Amino acid sequence: MSIFSSLPDVLSRVKGTIQTVFSRTSSVKRSVGRPIGEFFRKYRNVLQLGAGVIALFLLTLVTVSLISVESAKKRRLPISVEENKPSFVPSEDIFLMDEPDFLPDALLEKQPKKWDAQDVRPFWTNPLENGAFQWEDNIKNTVDEIMEKTP
């Protein structure tokens, strides 16, 4: 028995399977479309009423917005030329008065003072009072901290 002798039998089985699948899918398509059509026929009046209410709402919204825009335009008064005429401003209001001939007793600059050790003593602290090791430790810790943070 060769492969070609059983070929017509295999082809007839494939054809039957394809016809069965197509017949089932076409019946499914018809049954799916039916409930939707029936729904629209059954609730036709309700759907039309809902569409009308939505259209009326949109129409009202557009009308109100147009009215508010028009009223905002009317509130703006045009600027009249009469109100914006230049007015006279007295020169006393613009310019400073002349200075008087005398100046009060005021020192315009101070005499520089030379500081001596007595004047500085309340503000001075000796940084090496406790020894230099304190500053060395602070500097070393700061450098180590910077080096650790550097990538």
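All of the numbers you see were taken from the coordinates with simple rules; none came from a lab. As the structure is a computational prediction, the values presented were derived from the model and not from experiment. No Cβ is skipped: glycine too gets one built from the backbone with ideal geometry, and neighbour counts run over all protein chains shown.
Here are the numbers for this structure:
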read-out	value
Distance between modelled label sites at PHE57 and ALA72, nm, 7 Å Cα→Cβ extension	2.4
Point-to-point label distance, GLN134-VAL10, nm (Cα→Cβ direction, 7 Å offset)	10.2
Per-residue ³J(HN,Hα) for segment 58-73, Karplus 6.51 cos²θ - 1.76 cosθ + 1.60, θ = phi - 60°, Hz, x for Gly and Pro	5, 4, 5, 4, 5, 4, 5, 5, 5, 5, 5, 5, 5, 5, 5, 5
Integer Hz, Karplus 6.51/-1.76/1.60 couplings in order for segment 128-142, x for Gly and Pro	9, 4, 8, x, 7, 4, 4, 5, 4, 5, 4, 5, 5, 5, 5
³J(HN,Hα) computed for each position of segment 35-44 - Karplus, 6.51 cos²θ - 1.76 cosθ + 1.60, integer Hz, glycine/proline x	x, 5, x, 5, 4, 5, 5, 6, 9, 4
